[in-house]
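Student: Can you keep this structure in mind? I'll have questions shortly.
The values are calculated or read from the model by the stated rules, or taken from the named source; none is laboratory data. Note that the structure is predicted; figures quoted are calculated from it, not measured. Heads up, the Cβs are rebuilt from the backbone with ideal geometry, glycines too, and the neighbour counts pull from every protein chain shown. Each accessible area value is taken on the protein alone, full model and side chains, heavy atoms only, with ligands, DNA and RNA left out. Shrake-Rupley method; radii C 1.70, N 1.55, O 1.52, S 1.80 Å.
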Amino acid sequence: MCGHSAPFAYVHAIKEIDRTKALEQKRIGYLAVSLFLHKNHELVILMLNTIQKDLRSTNLLEVCFALTASTYVVGPHTSPTVLDRIEDNLTHSKEMVRKRAVLAIVNFLSSDAKNYIHLHSKLELRIGDSDPEVVFATLTGLFAVAKLSTDVTSCTNLVLPVVEILKQVINRNLPSEFEYHGVPNPWMQMEILRFLRIIGSDNDPVVQSLVTDVLVEVLRLLNVVDHNIAYAIIYECVRTAVAVAKDDVALIEASFASVERFLLSSFTNMKYMGLKSLAFLVRYVPLNALAKYQNTIMELLQMCTSLFRN
(Lines give C-alpha, C1' and ligand atoms only; values in the text may rest on other atoms or scores of the structure.)
Protein backbone atom coordinates (compact mmCIF):
# COMPACT_ATOMS: atom_id res chain seq x y z
CA MET A 1 0.00 0.00 0.00
CA CYS A 2 1.56 3.27 -1.19
CA GLY A 3 4.84 1.41 -1.55
CA HIS A 4 4.92 0.13 2.02
CA SER A 5 4.93 -3.53 3.00
CA ALA A 6 1.83 -4.58 4.92
CA PRO A 7 2.05 -8.34 5.55
CA PHE A 8 0.20 -7.93 8.84
CA ALA A 9 -2.94 -7.04 6.88
CA TYR A 10 -2.98 -10.04 4.54
CA VAL A 11 -4.71 -12.45 6.89
CA HIS A 12 -7.27 -9.81 7.88
CA ALA A 13 -8.20 -9.30 4.24
CA ILE A 14 -8.75 -13.06 3.90
CA LYS A 15 -10.88 -13.13 7.05
CA GLU A 16 -12.96 -10.22 5.78
CA ILE A 17 -13.84 -12.15 2.61
CA ASP A 18 -14.94 -15.19 4.58
CA ARG A 19 -16.99 -13.63 7.35
CA THR A 20 -18.66 -10.62 5.73
CA LYS A 21 -21.99 -10.74 3.95
CA ALA A 22 -21.83 -7.14 2.75
CA LEU A 23 -20.95 -7.18 -0.93
CA GLU A 24 -18.94 -3.95 -0.81
CA GLN A 25 -16.71 -5.26 1.98
CA LYS A 26 -16.31 -8.62 0.24
CA ARG A 27 -15.35 -6.80 -2.95
CA ILE A 28 -12.71 -4.77 -1.09
CA GLY A 29 -11.40 -7.94 0.57
CA TYR A 30 -11.03 -9.73 -2.77
CA LEU A 31 -9.36 -6.65 -4.26
CA ALA A 32 -6.90 -6.55 -1.35
CA VAL A 33 -5.85 -10.19 -1.61
CA SER A 34 -5.55 -9.88 -5.39
CA LEU A 35 -3.05 -7.07 -4.86
CA PHE A 36 -1.25 -8.49 -1.82
CA LEU A 37 -0.91 -12.17 -2.64
CA HIS A 38 0.56 -14.09 -5.56
CA LYS A 39 -0.17 -17.59 -6.81
CA ASN A 40 2.55 -19.23 -4.73
CA HIS A 41 1.91 -17.29 -1.54
CA GLU A 42 1.55 -19.46 1.55
CA LEU A 43 -1.68 -17.75 2.64
CA VAL A 44 -3.58 -18.56 -0.57
CA ILE A 45 -4.59 -21.93 0.84
CA LEU A 46 -6.57 -20.14 3.56
CA MET A 47 -8.96 -18.56 1.05
CA LEU A 48 -9.55 -21.53 -1.26
CA ASN A 49 -12.58 -22.68 0.70
CA THR A 50 -14.10 -19.19 0.47
CA ILE A 51 -13.49 -19.04 -3.28
CA GLN A 52 -15.15 -22.45 -3.68
CA LYS A 53 -18.16 -21.28 -1.68
CA ASP A 54 -18.52 -18.03 -3.64
CA LEU A 55 -18.19 -19.83 -6.98
CA ARG A 56 -21.29 -21.83 -5.96
CA SER A 57 -23.14 -18.75 -4.72
CA THR A 58 -26.53 -17.73 -6.13
CA ASN A 59 -25.40 -14.10 -5.92
CA LEU A 60 -23.91 -13.09 -9.28
CA LEU A 61 -21.57 -10.51 -7.79
CA GLU A 62 -20.04 -13.00 -5.36
CA VAL A 63 -19.40 -15.41 -8.23
CA CYS A 64 -17.80 -12.63 -10.27
CA PHE A 65 -15.60 -11.54 -7.34
CA ALA A 66 -14.35 -15.10 -6.88
CA LEU A 67 -13.70 -15.63 -10.59
CA THR A 68 -11.75 -12.39 -10.88
CA ALA A 69 -9.66 -13.11 -7.79
CA SER A 70 -8.88 -16.64 -8.98
CA THR A 71 -6.97 -15.22 -11.96
CA TYR A 72 -4.56 -13.54 -9.52
CA VAL A 73 -4.13 -16.01 -6.66
CA VAL A 74 -4.96 -19.50 -7.97
CA GLY A 75 -1.95 -21.27 -9.45
CA PRO A 76 -1.10 -24.76 -10.75
CA HIS A 77 -0.84 -26.25 -7.24
CA THR A 78 -4.14 -24.89 -5.96
CA SER A 79 -6.25 -24.89 -9.14
CA PRO A 80 -7.59 -28.48 -8.76
CA THR A 81 -9.70 -27.34 -5.81
CA VAL A 82 -11.60 -24.68 -7.78
CA LEU A 83 -11.16 -25.58 -11.44
CA ASP A 84 -14.34 -27.66 -11.70
CA ARG A 85 -16.41 -24.77 -10.37
CA ILE A 86 -14.79 -22.34 -12.81
CA GLU A 87 -15.52 -24.71 -15.71
CA ASP A 88 -19.16 -24.97 -14.62
CA ASN A 89 -19.46 -21.19 -14.82
CA LEU A 90 -18.51 -21.25 -18.51
CA THR A 91 -22.12 -22.25 -19.15
CA HIS A 92 -23.70 -19.96 -16.55
CA SER A 93 -27.01 -18.35 -17.52
CA LYS A 94 -25.59 -14.82 -17.05
CA GLU A 95 -23.12 -13.41 -19.55
CA MET A 96 -21.18 -11.41 -16.95
CA VAL A 97 -20.31 -14.66 -15.18
CA ARG A 98 -19.44 -16.52 -18.40
CA LYS A 99 -17.12 -13.70 -19.44
CA ARG A 100 -15.16 -13.82 -16.18
CA ALA A 101 -15.02 -17.60 -16.31
CA VAL A 102 -13.52 -17.34 -19.80
CA LEU A 103 -10.89 -14.89 -18.54
CA ALA A 104 -10.02 -17.22 -15.66
CA ILE A 105 -9.60 -20.18 -18.03
CA VAL A 106 -7.44 -18.04 -20.32
CA ASN A 107 -5.24 -17.19 -17.35
CA PHE A 108 -4.66 -20.88 -16.62
CA LEU A 109 -3.91 -21.69 -20.27
CA SER A 110 -1.51 -18.76 -20.60
CA SER A 111 0.44 -19.73 -17.51
CA ASP A 112 0.71 -23.49 -18.14
CA ALA A 113 -0.98 -24.68 -21.33
CA LYS A 114 0.33 -28.26 -21.09
CA ASN A 115 -1.28 -28.99 -17.75
CA TYR A 116 -4.56 -27.39 -18.79
CA ILE A 117 -4.76 -28.69 -22.35
CA HIS A 118 -8.27 -30.06 -21.73
CA LEU A 119 -9.50 -26.52 -21.13
CA HIS A 120 -8.68 -25.42 -24.68
CA SER A 121 -11.60 -27.30 -26.23
CA LYS A 122 -14.00 -25.94 -23.59
CA LEU A 123 -12.78 -22.43 -24.29
CA GLU A 124 -13.29 -22.90 -28.03
CA LEU A 125 -16.97 -23.68 -27.44
CA ARG A 126 -17.50 -20.17 -26.12
CA ILE A 127 -16.80 -18.76 -29.60
CA GLY A 128 -20.41 -19.64 -30.31
CA ASP A 129 -21.70 -17.78 -27.25
CA SER A 130 -24.82 -15.67 -27.68
CA ASP A 131 -23.23 -12.63 -26.01
CA PRO A 132 -20.73 -10.55 -28.07
CA GLU A 133 -18.66 -9.64 -25.00
CA VAL A 134 -18.14 -13.29 -24.11
CA VAL A 135 -17.17 -14.03 -27.72
CA PHE A 136 -14.69 -11.13 -27.72
CA ALA A 137 -13.15 -12.30 -24.44
CA THR A 138 -12.83 -15.81 -25.87
CA LEU A 139 -11.18 -14.59 -29.08
CA THR A 140 -8.77 -12.42 -27.11
CA GLY A 141 -7.89 -15.37 -24.90
CA LEU A 142 -7.40 -17.81 -27.76
CA PHE A 143 -5.25 -15.23 -29.54
CA ALA A 144 -3.06 -14.84 -26.45
CA VAL A 145 -2.70 -18.62 -26.09
CA ALA A 146 -1.93 -19.03 -29.82
CA LYS A 147 0.87 -16.45 -29.58
CA LEU A 148 2.49 -18.47 -26.81
CA SER A 149 2.09 -21.79 -28.62
CA THR A 150 4.87 -23.31 -30.70
CA ASP A 151 2.36 -25.28 -32.77
CA VAL A 152 -0.61 -23.29 -34.08
CA THR A 153 -1.82 -26.03 -36.42
CA SER A 154 -4.11 -27.23 -33.65
CA CYS A 155 -5.96 -23.91 -33.98
CA THR A 156 -6.67 -24.13 -37.72
CA ASN A 157 -10.07 -25.63 -36.96
CA LEU A 158 -11.02 -22.21 -35.61
CA VAL A 159 -10.59 -20.42 -38.95
CA LEU A 160 -14.11 -21.13 -40.18
CA PRO A 161 -15.96 -20.00 -36.99
CA VAL A 162 -13.69 -16.96 -36.63
CA VAL A 163 -14.32 -15.93 -40.25
CA GLU A 164 -18.05 -16.36 -39.70
CA ILE A 165 -17.88 -14.10 -36.65
CA LEU A 166 -16.04 -11.46 -38.68
CA LYS A 167 -18.73 -11.66 -41.37
CA GLN A 168 -21.43 -11.12 -38.76
CA VAL A 169 -19.55 -8.10 -37.41
CA ILE A 170 -19.02 -6.36 -40.76
CA ASN A 171 -22.62 -7.13 -41.78
CA ARG A 172 -23.75 -5.26 -38.64
CA ASN A 173 -25.50 -8.21 -37.04
CA LEU A 174 -24.42 -6.96 -33.61
CA PRO A 175 -26.33 -4.32 -31.60
CA SER A 176 -25.58 -0.71 -32.51
CA GLU A 177 -24.01 -0.14 -29.09
CA PHE A 178 -20.93 -2.00 -30.39
CA GLU A 179 -20.38 0.53 -33.19
CA TYR A 180 -17.74 3.24 -33.00
CA HIS A 181 -17.92 6.16 -35.43
CA GLY A 182 -19.95 4.07 -37.83
CA VAL A 183 -17.57 1.10 -37.72
CA PRO A 184 -19.09 -2.10 -36.26
CA ASN A 185 -17.09 -3.40 -33.28
CA PRO A 186 -13.66 -2.25 -34.55
CA TRP A 187 -11.71 -3.77 -31.68
CA MET A 188 -13.16 -7.20 -32.34
CA GLN A 189 -12.38 -6.80 -36.04
CA MET A 190 -8.72 -6.02 -35.28
CA GLU A 191 -8.45 -8.89 -32.81
CA ILE A 192 -9.89 -11.33 -35.37
CA LEU A 193 -7.51 -10.07 -38.07
CA ARG A 194 -4.52 -10.58 -35.77
CA PHE A 195 -5.81 -14.01 -34.83
CA LEU A 196 -6.24 -15.02 -38.47
CA ARG A 197 -2.70 -13.83 -39.15
CA ILE A 198 -1.47 -16.55 -36.81
CA ILE A 199 -3.83 -19.45 -37.38
CA GLY A 200 -4.47 -18.88 -41.09
CA SER A 201 -0.90 -18.78 -42.35
CA ASP A 202 -0.41 -22.50 -42.96
CA ASN A 203 -0.82 -22.30 -46.77
CA ASP A 204 -3.98 -24.39 -46.70
CA PRO A 205 -5.91 -23.48 -49.92
CA VAL A 206 -9.29 -23.78 -48.23
CA VAL A 207 -8.16 -21.59 -45.34
CA GLN A 208 -6.71 -19.00 -47.71
CA SER A 209 -9.92 -18.90 -49.76
CA LEU A 210 -12.07 -18.32 -46.68
CA VAL A 211 -9.84 -15.62 -45.33
CA THR A 212 -9.29 -13.90 -48.68
CA ASP A 213 -12.98 -13.40 -49.35
CA VAL A 214 -13.67 -11.80 -46.00
CA LEU A 215 -10.56 -9.58 -46.16
CA VAL A 216 -11.61 -8.18 -49.52
CA GLU A 217 -15.04 -7.40 -48.10
CA VAL A 218 -13.55 -5.73 -45.01
CA LEU A 219 -11.38 -3.47 -47.18
CA ARG A 220 -14.31 -2.63 -49.46
CA LEU A 221 -16.51 -1.54 -46.58
CA LEU A 222 -13.78 0.50 -44.86
CA ASN A 223 -12.67 2.39 -47.95
CA VAL A 224 -15.73 4.64 -47.62
CA VAL A 225 -15.12 5.42 -43.92
CA ASP A 226 -12.96 8.42 -43.05
CA HIS A 227 -11.88 7.89 -39.46
CA ASN A 228 -8.75 6.79 -37.63
CA ILE A 229 -10.38 3.60 -36.34
CA ALA A 230 -11.10 2.52 -39.93
CA TYR A 231 -7.47 3.20 -40.88
CA ALA A 232 -6.28 1.04 -37.99
CA ILE A 233 -8.40 -1.88 -39.22
CA ILE A 234 -7.14 -1.39 -42.79
CA TYR A 235 -3.55 -1.58 -41.51
CA GLU A 236 -4.27 -4.86 -39.68
CA CYS A 237 -6.09 -6.14 -42.77
CA VAL A 238 -3.08 -5.44 -45.01
CA ARG A 239 -0.75 -7.28 -42.63
CA THR A 240 -3.10 -10.25 -42.50
CA ALA A 241 -3.47 -10.29 -46.28
CA VAL A 242 0.30 -10.53 -46.74
CA ALA A 243 0.63 -13.24 -44.08
CA VAL A 244 -2.23 -15.44 -45.26
CA ALA A 245 -2.86 -14.88 -48.96
CA LYS A 246 0.04 -12.95 -50.49
CA ASP A 247 -0.39 -14.83 -53.80
CA ASP A 248 -3.96 -13.66 -54.28
CA VAL A 249 -3.73 -10.87 -56.85
CA ALA A 250 -7.18 -9.39 -56.16
CA LEU A 251 -6.55 -9.15 -52.42
CA ILE A 252 -3.10 -7.60 -52.83
CA GLU A 253 -4.50 -5.04 -55.29
CA ALA A 254 -7.32 -4.18 -52.89
CA SER A 255 -4.77 -3.82 -50.08
CA PHE A 256 -2.55 -1.55 -52.15
CA ALA A 257 -5.52 0.60 -53.15
CA SER A 258 -6.29 1.13 -49.46
CA VAL A 259 -2.66 1.97 -48.70
CA GLU A 260 -2.69 4.62 -51.43
CA ARG A 261 -5.11 6.64 -49.29
CA PHE A 262 -2.47 6.83 -46.58
CA LEU A 263 0.37 7.86 -48.88
CA LEU A 264 -1.68 10.64 -50.49
CA SER A 265 -2.88 12.03 -47.17
CA SER A 266 -1.80 15.47 -45.99
CA PHE A 267 -1.35 14.20 -42.43
CA THR A 268 2.08 13.00 -41.31
CA ASN A 269 0.72 10.14 -39.20
CA MET A 270 -1.24 8.82 -42.16
CA LYS A 271 1.82 8.96 -44.40
CA TYR A 272 3.78 7.03 -41.80
CA MET A 273 1.07 4.36 -41.65
CA GLY A 274 1.19 4.23 -45.45
CA LEU A 275 4.93 3.60 -45.41
CA LYS A 276 4.57 0.90 -42.75
CA SER A 277 1.84 -0.80 -44.78
CA LEU A 278 3.81 -0.44 -48.00
CA ALA A 279 6.77 -2.20 -46.37
CA PHE A 280 4.63 -5.33 -46.09
CA LEU A 281 3.30 -5.08 -49.65
CA VAL A 282 6.36 -3.96 -51.57
CA ARG A 283 7.46 -7.46 -52.59
CA TYR A 284 4.05 -8.35 -54.01
CA VAL A 285 3.13 -5.16 -55.87
CA PRO A 286 4.35 -4.44 -59.46
CA LEU A 287 7.19 -1.92 -59.61
CA ASN A 288 5.30 0.33 -62.02
CA ALA A 289 2.56 0.72 -59.40
CA LEU A 290 5.14 1.86 -56.85
CA ALA A 291 6.96 4.23 -59.20
CA LYS A 292 4.43 7.04 -58.91
CA TYR A 293 5.04 7.21 -55.15
CA GLN A 294 8.80 7.49 -55.45
CA ASN A 295 8.77 11.26 -54.94
CA THR A 296 6.46 10.95 -51.94
CA ILE A 297 8.76 8.43 -50.30
CA MET A 298 11.84 10.56 -51.00
CA GLU A 299 10.14 13.61 -49.50
CA LEU A 300 9.38 11.67 -46.34
CA LEU A 301 12.99 10.50 -46.11
CA GLN A 302 14.13 14.10 -46.24
CA MET A 303 11.94 15.14 -43.34
CA CYS A 304 13.82 16.23 -40.25
CA THR A 305 12.19 13.59 -38.06
CA SER A 306 13.91 10.24 -37.77
CA LEU A 307 10.51 8.54 -37.63
CA PHE A 308 10.42 7.98 -41.40
CA ARG A 309 14.13 7.41 -41.95
CA ASN A 310 14.04 4.44 -39.60
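Student: Just reorder ARG56, ARG283 by solvent-accessible area, largest first, 1.4 Å probe, all chains present.
Tutor: Per-residue accessible area, sorted high to low, gives ARG283, ARG56.
Student: Sort 242-249, 113-120 for me by packing, meaning the mean count of neighbouring Cβ atoms within 10 Å per residue, highest on top.
Tutor: Output ranking for 242-249, 113-120: 242-249, 113-120.
Student: Excluding ligands and nucleic acids, what accessible area in Å² is computed for ARG172 using a 1.4 Å probe, to the nearest 10?
Tutor: Taking all protein chains as shown, ARG172 has close to 120 Å².
Student: Roughly how big is the stretch 125-257's charge dipole about its Cα centre, with Cβ charges of +1 (Lys, Arg) and -1 (Asp, Glu), in debye to the nearest 20?
Tutor: 180
Student: I need to check one value: relative contact order of the chain, counting alpha carbon pairs closer than 8 Å and at least 6 residues apart, in percent.
Tutor: Averaging sequence separation for qualifying contacts and normalising by length gives 9 percent for the chain.
Student: Could you list the GluC sites (Glu not before Pro) in the stretch 2-103 that lie in coil according to DSSP, counting only those with at most 15 other Cβ atoms within 10 Å of their Cβ?
Tutor: GLU42
Student: Still on this structure, I have one more. Below 12 angstrom from the Cβ of ASP88, what's the summed charge of the other residues (Lys, Arg +1; Asp, Glu -1)?
Tutor: +2
Student: Can you list, largest first and rounded to whole Å, the semi-axes you get for the chain by taking the square root of 5 times each eigenvalue of its Cα gyration tensor?
Tutor: Semi-axis lengths for the chain are 45, 22, 18 Å.
Student: Give me the dipole magnitude in Debye, nearest 20, for the chain about the Cα centre, with unit charges on the beta carbon: positive for Lys and Arg, negative for Asp and Glu.
Tutor: 620
Student: So, with a 1.4 angstrom probe, what is the percent of accessible area on the chain that is carbon and sulfur?
Tutor: Here carbon and sulfur together make up 55 percent of the probe-accessible area.
Student: Here's another thing I want to ask about it. Given +1 on the Cβ of Lys and Arg, -1 on the Cβ of Asp and Glu, and no further charges, what dipole in debye does the stretch 12-64 carry about its Cα centre, rounded to the nearest 20?
Tutor: With Lys and Arg at +1 and Asp and Glu at -1, about 100 debye.
Student: Rounded to the nearest 500, what is the 222 nm mean residue ellipticity of the chain from helices alone, with -39500 (n - 2.57) per DSSP H run of 4+ residues and division by all residues?
Tutor: Using -39500 (n - 2.57) per qualifying helix, the result is -20000 deg cm²/dmol.
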